[in-house]
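Colleague: Dumping the structure here so I can ask a few things about it.
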Amino acid sequence: MNGIGPVYDVAIVGAGAYGTSVLGQMSLHLIPKGNGPFRILVVESSQDLGPGMPYSRYMTIPDHIVNIAGGCTQISATYIPFPEKSDFLLWLRSLAPEYRVSLGIDESEIPSWLNKPFPRFVVGLYLSNRFNQFVMALREKGFKVDVRRLTKVTSVLPKNVFGANGYELDLDRKNKAFARNLFVATGHWTYNRFPDFPHWLPSPFPARDIQDRTELGGNVGILGCSLSAIDAALTVSKKNGSFQSMHQNGKSSLKFVPFKGAEGFKMTMYGRKAMLPQVMGVVVNKIFAHKYLTPASFIPINEANDGFLPLDDFWYLLKREVYDEVPRLRPYLPDCWETVSLEEAVSAVRKLLQTIDPVERLSRELEEAKESLKTGTPVLLQNVFYQSYAVFDEVLGYFSAEDRIRFEEIKTELHLLIGPFPVQNAEKILALMKDDYLEVTKIGTKYEIEEAKERSGILLSWKPDGDTTLEAHHDVMIDATGQKAAFEKDSSSLTTSLRKAKLMKEILVPFRNAKESLNHEDHPNVVTRDGVNYFRPSGALIDINNFSLVPGTEKPSAPIYYMGPFTMGQVAFPQDMSVVTTAAERAVADLIKRGVLERDVNYEVEQDPAPIYGWLMNNNGDLAGQVERMTKVLVKTTIYDQGVKPWD
C-alpha cells in the first residue's frame with residue numbers, strides 16, 4: 001500500500017477492561033471530526049474481546065470472585081449516581097433467566113445483587129458484551145472500527161507519515177499499521193523471578209495451569225497473603241477437594257472435604273507481615289461523604305508547601321474522618337489521638353492483628369461482614385478507607401520522597417481495608433484454615449527461595465527474629481505477590497521498543513530539602529541523577545491529567561495514553577475497575593481537548609430516577625471527578641522533575 005500499512009486515527013493495543021472502557025467513552029460521548037472517515041484499530045493478542053486477563057473464563061475459575069459489588073461495577077463511567085442502575089446490573093437484568101442460572105446466578109433478581117460481588121468470569125462476560133456494544137455504537141456513528149484478534153503489537157516507533165506525526169506499529173506476521181493517536185492497554189504481564197526453577201510458578205494465572213502443575217495431595221507454598229494469594233489458594237484447593245455446607249445449632253458453615261488421595265493436601269501462605277485482607281461488607285455507599293479529605297482541604301496545604309502534600313497533614317485529615325465516622329472507636333482512642341503519628345497507629349494495628357489468632361480474626365470479621373450485608377449498613381471503618389481509594393490514588397503524586405518512603409511501609413495495612421475480600425471467598429479460606437489445610441506464616445523481609453537439592457521442590461528459608469533460620473519445603477511454590485510495575489523487567493518486545501525509543505521514563509520523586517535527601521541515601525529506592533537524590537518507585541512516569549506516558553526525550557506530538565501495571569508508582573491502588581474508567585475518561589477528554597474528536601452534544605445522562613424508585617444516591621458523589629479537578633488546579637505545582645540539590 002504505502003510501505004507502512006493502513007493509517008488509523010486511533011489505535012488501541014489491548015482489548016481488556018481499559019481498551020473496552022476507552023471504546024465506551026468514545027461511543028457514548030464523541031462523534032467523528034471532519035469530513036473523512038475516522039478510523040479506529042483495536043488489536044488484541046487473545047481470542048477474547050473485553051475481559052482481558054483478570055476476568056477471562058480461560059484464566060480464572062468460578063471460585064474467583066471480584067471484590068467489587070454489583071452496584072459498583074461499571075465500565076462505561078467512573079461515577080455511578082445510583083448503584084441500583086450500575087451498568088453491570090443493567091446487563092445482568094437483561095439476561096434470560098435460564099442463562100443466568102447456567103452461570104450460577106439467581107434465576108430472578110434479588111436485592112442482594114446490589115451489594116454482592118460476582119465471579120470474575122461473569123464480569124468478563126459483561127465486558128465482552130459491552131465491547132461488542134461499544135463497537136456497534138461507534139460504527140453507527142460513522143466510525144470505521146477494525147478489530148483484530150489473536151494479533152500482537154511487537155513494537156511502537158514515533159513516525160511522520162504524510163506530514164502527520166504518530167506511531168508506526170509492528171504487528172506479528174510482518175504486518176504494519178500507523179496511528180496518529182495511541183492507547184496502550186496491554187494490562188497484566190508476568191515476571192518470572194526464577195526462570196530456571198521448574199517448581200516455581202511465577203503467577204496464579206491461568207488457574208488451570210496451576211492445577212495441572214500441582215500434584216493431588218501435594219504440599220504447596222504461596223508467596224503472598226493478598227487477593228492474588230487467596231485466588232491461588234482457591235485454585236489449588238479446587239483440585240484437591242470440595243467445600244460442603246454444614247448445619248449445626250441453627251448456623252451454616254463450609255467444610256473442606258479432600259478427594260481420595262488428597263488427604264495429605266497442605267498449603268502455606270507466606271507474607272512479610274502475614275495479614276489477610278479484611279472481609280468485605282457493604283461497599284455501595286449511601287451514608288458516607290468526606291468532610292476533611294477534600295480538595296478544599298488539600299489545595300491550600302499543597303500551595304503552602306511548594307506543591308507537596310505533607311503526609312502528616314494528610315494523616316491528620318484522615319484521623320478526623322475516622323473519628324467522626326466511626327464513633328465506636330472513640331472509647332479506645334487515647335486522649336492525645338490527634339497527635340498520634342501514622343507510624344504509631346499502624347504499628348498498634350499491626351501488633352493487634354498479628355497477635356490475634358488468624359482463625360479467630362477471620363471468623364469475627366466474617367460474621368461482621370455478613371451482618372453488614374444483611375442489614376445493608378457498611379462496616380464503618382472499612383467504608384471510610386474503601387470510599388477513599390480515589391483520594392489515595394490522587395494524593396500519592398503530591399507526597400515528597402521522604403513521605404513516599406514512609407507511605408510504602410504502611411501500604412500493606414491500608415490494603416487490608418481498601419482491598420477487602422468477599423464473603424464467598426472468606427468462608428472457603430476459613431474452612432481451609434480451621435482444618436489445617438491452610439496456614440499463614442510471617443517471614444519478614446529476610447528470606448531466600450531456592451530449588452531443593454536433596455529432593456524435588458522449593459526450599460524457603462527465612463529469619464523471623466533476624467538470627468534464627470527457619471526452613472520449609474514445598475512441592476511447588478506460587479508467586480502471588482501481585483502485578484509488577486518495573487518496566488525495565490518487562491522483556492516483551494512492545495515494552496522493549498517503548499524503552500528504546502525513550503517513550504517512557506522512570507519516576508523520580510524529589511525530597512523536600514537536602515537534609516532529608518541525605519538522611520535516606522542508603523534506602524534501596526533512593527537514586528542519584530545529575531547530583532540530585534530522588535526516591536524511585538517502580539513504574540513509569542505518567543501524566544495523571546490524561547494518563548499518558550511521559551517520554552524520556554523530546555515530547556512527541558501525540559501522547560501515548562496508558563493504563564496498566566506501570567502506573568503503580570503513581571497510583572496507590574490501581575487494580576480497581578474505577579481507576580481503569582478514570583484513566584479512560586481523562587484520556588478521551590484529552591482527545592477532545594487536542595481537537596482529535598468532537599463531543600456528542602446529543603448525549604444525555606438519564607434524569608434522576610429517585611422520585612420513581614425511592615433510591616438513594618451514592619453519598620460521596622463524583623469523588624473521582626472532584627479530585628481530578630483538584631489536580632487540574634494544582635498542575636502548575638507538580639513536584640516531579642524538580643529535586644533538591646545537595647548544596648541547597
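Colleague: Any residue in segment 195-208 that is under 25 Å from SER56 (Cα atoms) sitting within a Cβ distance under 6 Å of a residue that is of a type in the set (A, V, I, L, M, F, W, C) and not in a strand (DSSP E or B)? List the pairs, counting only those 6 or more apart or interchain.
Modeller: Partner pairs satisfying both residue conditions: TRP200/PHE194; PRO204/ALA232; PRO204/ALA480; PHE205/MET59; PRO206/MET59; ALA207/ILE61.
Colleague: Do we find a residue being closer than 17 Å to VAL423 by Cβ, under 26 Å from the mean Cα position of the chain (by Cα) and of a type in the set (A, V, I, L, M) anywhere in segment 347-357?
Modeller: Taking every residue of segment 347-357 in turn, none turns out to be closer than 17 Å to VAL423 by Cβ, under 26 Å from the mean Cα position of the chain (by Cα) and of a type in the set (A, V, I, L, M).
Colleague: From the residues in segment 459-494 that are polar (S, T, N, Q) and closer than 29 Å to THR186 by Cα, which one is surrounded by the fewest Cβ atoms within 10 Å (Cβ to Cβ)?
Modeller: Filtering segment 459-494 for residues polar (S, T, N, Q) gives 461, 468-469, 481, 483, 491-493.
From what's left, closer than 29 Å to THR186 by Cα: 481, 483, 491-493.
Numbers: THR481: 20, GLN483: 19, SER491: 10, SER492: 14, SER493: 14.
Among residues in segment 459-494 that are polar (S, T, N, Q) and closer than 29 Å to THR186 by Cα, the one surrounded by the fewest Cβ atoms within 10 Å (Cβ to Cβ) is SER491.
Colleague: Return only the number of the condition from (1) closer than 29 Å to CYS72 by Cα; (2) within 28 Å of the chain's Cα centre (by Cα); (3) open to solvent by 10 Å² or more (accessible area, probe 1.4 Å); (4) touching a residue at least 12 places away in the same chain (Cβ under 8 Å) that ARG100 does not satisfy.
Modeller: Of (1) closer than 29 Å to CYS72 by Cα; (2) within 28 Å of the chain's Cα centre (by Cα); (3) open to solvent by 10 Å² or more (accessible area, probe 1.4 Å); (4) touching a residue at least 12 places away in the same chain (Cβ under 8 Å), only one is false for ARG100: (4).
Colleague: With segment 139-216 as the region, which strands (runs of 3 or more DSSP E) entirely inside it contain at least 1 residues that are surrounded by 18 or more Cβ atoms within 10 Å (Cβ to Cβ), at pLDDT 95 or above and within 25 Å of the chain's Cα centre (by Cα)?
Modeller: Values: elements: 143-148, 153-161, 164-171, 176-184.
Result: 153-161, 176-184.
Colleague: For segment 424-439, which residues satisfy the criterion of being open to solvent by 30 Å² or more (accessible area, probe 1.4 Å) and in contact with a strand residue (DSSP E or B) (Cβ under 7 Å, 6 or more places away or on another chain)? Quick ask: steps written out before the conclusion?
Modeller: Narrowing segment 424-439 to residues open to solvent by 30 Å² or more (accessible area, probe 1.4 Å): 424, 427-428, 434-437, 439.
Once the filter is applied, which keeps residues that are open to solvent by 30 Å² or more (accessible area, probe 1.4 Å) and in contact with a strand residue (DSSP E or B) (Cβ under 7 Å, 6 or more places away or on another chain), segment 424-439 yields GLN424, GLU427, LYS428, ASP435, TYR437, GLU439.
Colleague: A follow-up question, please. So which residues in segment 423-441 are under 14 Å from GLY221 (Cβ atoms) and either among the charged types (D, E, K, R) or not in a strand (DSSP E or B) (or both)?
Modeller: Restricting attention to segment 423-441, the residues satisfying the condition of being under 14 Å from GLY221 (Cβ atoms) are 437-441.
Hits for segment 423-441 are TYR437, GLU439.
Colleague: Quick one: in segment 272-297, of everything that is open to solvent by less than 10 Å² (accessible area, probe 1.4 Å) and more than 18 Å from ARG361 (Cα to Cα), which residue is modelled with the highest pLDDT?
Modeller: Filtering segment 272-297 for residues that are open to solvent by less than 10 Å² (accessible area, probe 1.4 Å) and more than 18 Å from ARG361 (Cα to Cα), the one modelled with the highest pLDDT comes out as VAL282.
Colleague: Now for a different question. For ASN129, indicate whether it is closer than 19 Å to SER56 by Cβ, open to solvent by 20 Å² or more (accessible area, probe 1.4 Å) and either without any contact (Cβ under 8 Å) to a residue 60 or more places away in the chain or within 23 Å of the chain's Cα centre (by Cα) (or both). Break it down stepwise before answering.
Modeller: On the way: closer than 19 Å to SER56 by Cβ: yes; open to solvent by 20 Å² or more (accessible area, probe 1.4 Å): yes; either without any contact (Cβ under 8 Å) to a residue 60 or more places away in the chain or within 23 Å of the chain's Cα centre (by Cα) (or both): yes.
Yes.
Colleague: Is it the case that PHE392 is without any contact (Cβ under 8 Å) to a residue 40 or more places away in the chain and part of a helix (DSSP H, G or I)?
Modeller: Values: without any contact (Cβ under 8 Å) to a residue 40 or more places away in the chain: no; part of a helix (DSSP H, G or I): yes.
Spelling it out, it is not the case that PHE392 is without any contact (Cβ under 8 Å) to a residue 40 or more places away in the chain and part of a helix (DSSP H, G or I).
Colleague: Something else about it: With (1) surrounded by fewer than 17 Cβ atoms within 10 Å (Cβ to Cβ); (2) part of a helix (DSSP H, G or I); (3) in contact with a Phe, Trp or Tyr (Cβ under 7 Å, 6 or more places away or on another chain) as the list, and SER112 as the residue in question, which single condition is left unmet?
Modeller: (3)
Colleague: Next question. Which of the residues spanning segment 538-566 are more than 17 Å from VAL579 (Cα to Cα), in a loop (DSSP other than H, G, I, E, B) and touching a residue at least 24 places away in the same chain (Cβ under 8 Å)? Write out each step before concluding.
Modeller: First pass over segment 538-566, keeping only residues more than 17 Å from VAL579 (Cα to Cα): 538, 550-560.
From what's left, in a loop (DSSP other than H, G, I, E, B): 538, 550-559.
Hits for segment 538-566 are SER538, VAL550, PRO551, GLY552, THR553, PRO556, SER557, ALA558, PRO559.
Colleague: Quick check on segment 447-458. Is at least one of its residues farther than 18 Å from MET275 by Cα, open to solvent by less than 20 Å² (accessible area, probe 1.4 Å), among the acidic types (Asp, Glu) and outside any helix (DSSP H, G or I)?
Modeller: Taking every residue of segment 447-458 in turn, none turns out to be farther than 18 Å from MET275 by Cα, open to solvent by less than 20 Å² (accessible area, probe 1.4 Å), among the acidic types (Asp, Glu) and outside any helix (DSSP H, G or I).
Colleague: Now for a separate question. Where in segment 467-537 are there strands (runs of 3 or more DSSP E), lying wholly inside it, with at least 3 residues that are touching a helix residue (DSSP H, G or I) at 6+ places or on another chain (Cβ under 7 Å)?
Modeller: On the way: elements: 470-474, 476-479, 526-529, 532-535.
Those strands (runs of 3 or more DSSP E) span 532-535.
Let's see how each residue does on (1) of a type in the set (Lys, Arg); (2) more than 30 Å from ARG499 (Cα to Cα):
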{"residue": "TRP113", "(1), (2)": "no, yes"}
{"residue": "PRO117", "(1), (2)": "no, yes"}
{"residue": "ASP146", "(1), (2)": "no, no"}
{"residue": "LYS152", "(1), (2)": "yes, no"}
{"residue": "LYS159", "(1), (2)": "yes, no"}
{"residue": "LEU201", "(1), (2)": "no, no"}
{"residue": "ASN219", "(1), (2)": "no, yes"}
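Colleague: Return a yes/no flag: does segment 383-393 have any residue that is within 20 Å of GLU409 (Cβ to Cβ) and either small (Gly, Ala, Ser) or surrounded by fewer than 13 Cβ atoms within 10 Å (Cβ to Cβ) (or both).
Modeller: Residues of segment 383-393 that are within 20 Å of GLU409 (Cβ to Cβ), as a first pass: 385, 388-389, 391-393.
Among the residues that remain, those that are also either small (Gly, Ala, Ser) or surrounded by fewer than 13 Cβ atoms within 10 Å (Cβ to Cβ) (or both) are: 388.
Yes, some residue in segment 383-393 is within 20 Å of GLU409 (Cβ to Cβ) and either small (Gly, Ala, Ser) or surrounded by fewer than 13 Cβ atoms within 10 Å (Cβ to Cβ) (or both).
The values are calculated or read from the model by the stated rules, or taken from the named source; none is laboratory data. The structure presented is a predicted model; accordingly, all values stated were derived computationally and were not measured. As a convention, Cβ positions derive from the backbone with ideal geometry for all residues, glycine included, and neighbour counts pool all protein chains shown. Note: areas computed on protein heavy atoms with side chains; ligands, DNA, RNA excluded. Shrake-Rupley method; radii C 1.70, N 1.55, O 1.52, S 1.80 Å.
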